Amino acid sequence: MHNSLTRLQNVFGFFTTVAFVFAAFIAATDFYAPRTTSGTIAAQNIQVVKGRPHYYSTKTQEYSVIKFSLEADLSSLFHWNTKQIFVYVTAEWPAENNGTNSAVIWDSIVTNPSADHLLNVGPATLKKLKKSSAGKSIDPSRGILKLKNQKPKYQITHPSGKVAEVEDVTLKLHYNVQPWVGFLTWDMKERLLLWNPIKGGVSPKFTLPRLKKKDEKKKST
């Protein structure tokens with residue numbers, strides 16, 4: 001006969017198997033939720049400065065500050081298994097080795113109403129979020145982003161220390177969906193079942209300005 005420990009192990013093993021199968025079923029339902037995201041983004045105010053881009057930088061170098069405007073509809077990403085969405089904007093330009101340089105200039109986290117308590121925000125902001133989501137299991141309006149002349153969170157730098165007059169720079173909108181159960185998923189370049197790539201979300205190409213010299217700064221003032 002089995003002793004109590006063996007029976008307990010069998011029960012625990014059965015429970016974990018059922019839980020795993022149930023979790024896999026929940027994760028699979030994400031593929032039946034259509035993703036039809038869209039966005040328009042454009043650079044507005046571009047500067048190239050020479051200095052210390054971060055307080056911990058040990059040397060001066062060129063870095064770029066890009067302000068932008070963004071309108072995006074990510075509401076289709078919110079459904080019952082969505083915990084939160086990580087939205088970010090990158091600046092990309094061609095590299096010398098036929099690759100691509102990419103740098104994140106801005107990011108934000110958009111939570112599902114049921115996950116508001118996970119946000120690291122103050123009591124007043126949390127109260128507003130709860131009020132906006134009262135009686136709603138899902139609040140699609142949270143997936144609507146409208147930013148004008150938005151300041152970047154991060155500056156663009158390069159290992160060479162130079163970014164002035166870089167050509168063919170574009171801003172791109174990206175997202176990462178974190179579900180309650182399942183795998184992290186990112187925006188895609190090609191369609192997968194009901195998941196569509198972002199419609200738009202890429203700015204027109206632009207060139208980073210050249211670095212102003214001291215004489216030019218004096219004349220401008």
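The values are calculated or read from the model by the stated rules, or taken from the named source; none is laboratory data. Here the structure is a predicted model, which is why all the values come from computation and not from measurement. For neighbour counting, all protein chains shown are included, and Cβ atoms are generated from backbone atoms with ideal geometry for every residue, glycine included. Calculation scope for accessible area: heavy atoms of the full protein, side chains included, ligands and nucleic acids excluded. Shrake-Rupley method; radii C 1.70, N 1.55, O 1.52, S 1.80 Å.
Quick check: is even one residue across segment 137-158 farther than 14 Å from Arg35 by Cα, in contact with a Pro (Cβ under 9 Å, 6 or more places away or on another chain), surrounded by fewer than 17 Cβ atoms within 10 Å (Cβ to Cβ) and modelled with pLDDT under 90?
Yes, some residue in segment 137-158 is farther than 14 Å from Arg35 by Cα, in contact with a Pro (Cβ under 9 Å, 6 or more places away or on another chain), surrounded by fewer than 17 Cβ atoms within 10 Å (Cβ to Cβ) and modelled with pLDDT under 90.
Could you list, in sequence order, the residues of segment 160-191 that are open to solvent by less than 90 Å² (accessible area, probe 1.4 Å) and without any contact (Cβ under 8 Å) to a residue 24 or more places away in the chain?
Within segment 160-191, Ser160, Leu184, Met188 qualify.
Please identify the pairs in which a residue from segment 35-63 that is over 28 Å from Val202 (Cα atoms) has its Cβ atom under 9 Å from the Cβ atom of a residue that is open to solvent by 50 Å² or more (accessible area, probe 1.4 Å) and in a strand (DSSP E or B), counting only partners at least 6 apart or on another chain.
Close Cβ pairs (under 9 Å, with a partner that is open to solvent by 50 Å² or more (accessible area, probe 1.4 Å) and in a strand (DSSP E or B)) amount to Thr60/Lys50.
Which residue pairs have Cβ atoms under 6 Å apart, sit 6 or more places apart or on different chains, and have a first residue in segment 140-153 that is under 15 Å from Ala43 (Cβ atoms) and a second that is β-branched (Val, Ile, Thr) and surrounded by 14 or more Cβ atoms within 10 Å (Cβ to Cβ)?
Filtered contacts from segment 140-153: Pro152/Ile66; Pro152/Ile105.
Kindly indicate the residue of segment 92-123 that is of a type in the set (Asp, Glu) and modelled with pLDDT under 90 and also surrounded by the most Cβ atoms within 10 Å (Cβ to Cβ) among those meeting that condition.
Asp116
If you go through segment 18-66 one residue at a time, how many are under 20 Å from Pro159 (Cβ atoms), open to solvent by less than 50 Å² (accessible area, probe 1.4 Å) and among the polar types (S, T, N, Q)?
Residues that pass the stated criteria total 3.
Would you say Trp195 is hydrophobic (A, V, I, L, M, F, W, C), modelled with pLDDT under 90 and buried (at least 17 other Cβ atoms within 10 Å of the Cβ)?
For Trp195, the condition - hydrophobic (A, V, I, L, M, F, W, C), modelled with pLDDT under 90 and buried (at least 17 other Cβ atoms within 10 Å of the Cβ) - is met.
Yes or no: Ser69 in contact with a Pro (Cβ under 9 Å, 6 or more places away or on another chain), within 30 Å of Glu92 (Cβ to Cβ), open to solvent by less than 80 Å² (accessible area, probe 1.4 Å) and small (Gly, Ala, Ser)?
No, not satisfied.
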